[in-house]
Amino acid sequence: MSEKYFLKENMEKNVSDYDFSAFKKALKMGQNKVIKEIEDSGLKGRGGAGFPTGFKWKLASQQEADLKYFICNGDEGEPGTFKDRLLMEDSPVKVLEGIMIGAFAVGASQGYIYIRGEYAKPIKIFNKIIKEAKKEQVLGENIFGSDFSFEMKLIKGAGAYVCGDETSLINSIEGHRGISRIKPPYPIEKGLFDKPTVVNNVETLSCAAEIINQGSDTYNELGTENSRGTKLVCLSGDINEPGVYEVEFGSMTIREIIQEFGKGIKNNKELKFVIPGGISTSILSNDKIDIPYTYEDIEKAESSLGSGALIVVAKGHDLIDLMLNASRFYMDETCGTCFPCREGNRQVHHMLKKAMGKGIDHNKTELIKDIGKTIRLASRCGLGQSSLNFIGSVIDEYPNELLIGGVDNG
Amino acid sequence: MNSDKFLDRAHDIQDTYGYIPEGEIDKMAKEFDVPRAKVYGSIRFYSMFYTEPTGKYIIRVCDSLSCHINDSKSIVDSIKNYLGIDDGETTENKKFTLEVVECLGHCGEGPVMMVNDEMYTHVSKNMALDIIKDCT
Ligand SMILES: Cc1cc2nc3c(=O)[nH]c(=O)nc-3n(C[C@H](O)[C@H](O)[C@H](O)COP(=O)(O)O)c2cc1C
Ligand code: SF4
Ligand code: FES
């Protein structure tokens, strides 16, 4: 089994070496056909929520406004995820092209790419790309002789995971604290500076560019009914060959990805579980990973494909230590607006810390799960809502091990 | 604030002084025409902005799950030990600030650390100390 190159096709680093054929094609097709093509492709957002991209663009294109914004979300921060960085470093021109196609389709004249502050290299690269694109008149007035004009600006984040949430990201661009906004209104109606705004993930936009380039028919030949195309899978953890692999949906099981691309578990250990979509998703234990890699199969197994971060965990780790690690993430990264998310995650962290080396009894784990339920029900954004997925699923899967200190004898 | 120039401005000041001094907060308040508290509140939200002086070198070591599985904790411990400071602290000579941070997006190459803008991957304990010793 080898990687399926769809996204990894045509990786280009310089504006002057790139012909922007997909964007030129889009200009010829016109807004409606571009949107139709993306709708037909079945492309779903790769930022974690899986919202249909074509539908988002259609809604945005129908908004009446003097000004619309188009934002590329390069805030990648979900532990285990590093595919957007790869695209921004190795294929930045296609990311730019995706932004331009999206902006053209919805009628946006001002664009942003928001890159997390720690991504020094992608920031440097995109600064250069935008400068080059302006010089080559790929950005600016009447691009390629059309009546489409578009400007771009890079915003450098400053260290806050929650800014990856689209409404927090909008607040952050405006210079506010990066806390989420109440929805509705959705950004599509009232987003950045109260104007209609589309936010799309880096991988989504690279896909969109390649779909216009190769056609939705080619795309539709890849993947399954509900998971079209390919996905960049970030393999990390206890694995021999970690990395970003492009997987055609449905063509491989999770175990096959681990065995064939990742070359198996490090130090000849046995696999204990995987986290299929970054630490905001529930674990799948060793006996549950012989399922095709698709949105629907992973959902059926009661987890989620999330951002595509596949973290592999071998036997022998202290489970309470891993849970403590995840809980610290949410305690540190909560924006603090919702009481259950702010205080709940702090309490869970406190309980786990006390349990380190000693084990945690049923009453306590039930309490943690109860807090998890409350946070899920009463939190405003995805950070809170998913903050106890990982921890809750470890509790459900390994209650006895947690009782005796969280260390298995594998 | 309502200005897409705010973050840029704050980054500039942070890069120039190693933190955002009070005088600059005053200036920003004027520039963006908002109360000082608003500027302060916004700045304090972001972990890469400081309102107290930091070391010349900010060392960031990732301890999120994928790196943690690959024993990032031992890297953190040996740096703490070597510099004699804890997470979030600055050495007395103002040379180093240590930050244990969440995922730096190099999870397949862990453990990873950053020194200012430079990223280091597959870090071992010895390598971490060598990197620090090379900072002049
Ligand atoms: C806490 C939180 C963090 C998020 N981080 C990111 C991120 O780093 N990158 C991203 O593209 N989407 C992230 N999202 C999802 C965005 O809110 C949004 O759904 C996405 O950018 C839309 O793009 P897409 O439809 O192309 O996926 C995050 C959501 C939440 C709740
Ligand atoms: S759920 Fe948590 S991170 Fe999200 S808005 Fe509420 S407090 Fe902030
Ligand atoms: S978990 Fe350390 S870089 Fe992602």
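FYI, it's all coordinate maths here, none of it is from the lab. The structure displayed is predicted, hence computed values, not measured ones. When we count neighbours, we look across all protein chains shown, and the Cβ atoms used for this are built from the backbone with ideal geometry, even at glycine.
Side notes on the structure shown:
- In the protein assembly as shown, the C-alpha radius of gyration followed by the widest Cα-Cα span (Dmax) gives 22.9, 70 angstrom.
- Here the Karplus relation 6.51 cos²θ - 1.76 cosθ + 1.60, evaluated at θ = phi - 60°, turns the backbone of region B:20-25 into coupling constants of 10, x, 4, x, 6, 4 Hz, with x for every Gly and Pro.
- Rg/Rh (Cα only; Kirkwood hydrodynamic radius) as it applies to region A:159-204: 0.95
- From the alpha carbon centroid of region A:179-238 to that of region A:1-66 is 8 Å.
- Shielding by partners, peptide A:126-134 (average Cβ within 10 angstrom, other chains): 0
- Note on chain A: dipole from Cβ charges, positive end direction compared against A:Tyr295, A:Phe148, A:Cys338; the farthest Cα belongs to A:Cys338.
- Rounded to the nearest 20 debye, the dipole size of region A:327-372 about its Cα centre is 180 debye, using +1 on the Cβ of Lys and Arg and -1 on the Cβ of Asp and Glu.
- Shape box of region A:53-170 [Cα atoms, principal axes, largest first, Å]: 40, 31, 21
- Considering only alpha-carbon pairs that sit under 8 angstrom and 6 or more positions apart, the relative contact order computed for region A:288-384 is 24 percent.
- Our summary gives chain A a relative contact order of 17 percent, counting only alpha carbon pairs under 8 angstrom and 6 or more residues apart.
- Interchain or long-range residues, amide H under 5 Å from A:Gly47's placed H: A:Asn201
- Calculation over all alpha carbon pairs of region B:1-75 in 10 angstrom steps from 0 returns a P(r) of 18, 41, 22, 15, 5 percent.
- Residues A:His176, A:His350, arranged from fewest to most other Cβ atoms within 10 angstrom of their Cβ, appear as A:His350, A:His176.
- Phi angles across region A:375-389 convert, under the Karplus curve 6.51 cos²θ - 1.76 cosθ + 1.60 with θ = phi - 60°, into 3J(HN,Hα) values of 4, 4, 6, 10, 9, 7, 10, x, 4, x, 4, 10, 5, 10, 4 Hz, Gly and Pro given as x.
- Ignoring lysines fewer than eight residues from B:Lys133 along the same chain, the ones with Cα atoms less than 27 angstrom from its Cα are A:Lys121, A:Lys124, B:Lys56, B:Lys73, B:Lys80, B:Lys94, B:Lys95, B:Lys125.
- Inverse mean reciprocal Cα-Cα distance (Kirkwood Rh) of region A:28-90, Å: 13.7 Å
- Percentage of interatomic Cα-Cα distances in region A:15-220 larger than 24 Å: 34 percent
- Cα convex hull, region A:324-374: 60 Å³ per residue, rounded to a whole number.
- Take each peptide in A:16-23, B:61-68, count the other Cβ atoms within 10 Å of every residue, and average; sorted highest first, the result is B:61-68, A:16-23.
- Farthest towards the positive end of the charge dipole of the protein assembly as shown, among the residues B:Gln14, A:Ser282, B:Val76, is the Cα of B:Gln14, using unit charges on the Cβ of Lys, Arg, Asp and Glu.
- Part-to-part distance (alpha-carbon centres) for region B:8-42 and region A:276-311, which is given in Å: 43 Å
- Here region B:57-133 has an Rg and Dmax of 11.1, 34 Å, counting Cα atoms alone.
- Residue pairs exceeding 18 angstrom between C-alpha atoms, taken from A:Lys4/A:Lys231; A:Lys33/A:Lys56; A:Lys83/A:Lys269: A:Lys83/A:Lys269.
- Region A:280-410 pair-distance distribution - Cα-Cα, 10 Å bins, rounded %: 13, 43, 35, 9, 0
- Region A:230-314 - percent relative contact order, Cα under 8 Å, separation 6 or more: 36 percent
- Counting Cβ atoms of other protein chains within 10 Å of each residue's Cβ and taking the mean over peptide A:325-332 gives 3.
- Point-charge dipole on Cβ atoms (K/R +1, D/E -1) for the protein assembly as shown, about Cα centre, debye to 20: 900 debye
- For region B:3-45, convex hull volume per residue from C-alpha positions, Å³: 63 Å³
- Residues whose placed amide H lies under 5 Å from that of A:Gly42, excluding near-sequence neighbours: none
- Counts of other chain beta carbons within 10 angstrom of each beta carbon in peptide A:76-83 average 6.
- Inverse mean reciprocal Cα-Cα distance (Kirkwood Rh) of region A:204-299, Å: 14.2 Å
- With helices as the sole contributors, chain A gives -12000 deg cm²/dmol at 222 nm; each DSSP H run of n ≥ 4 counts as -39500 (n - 2.57), and the sum is divided by every residue.
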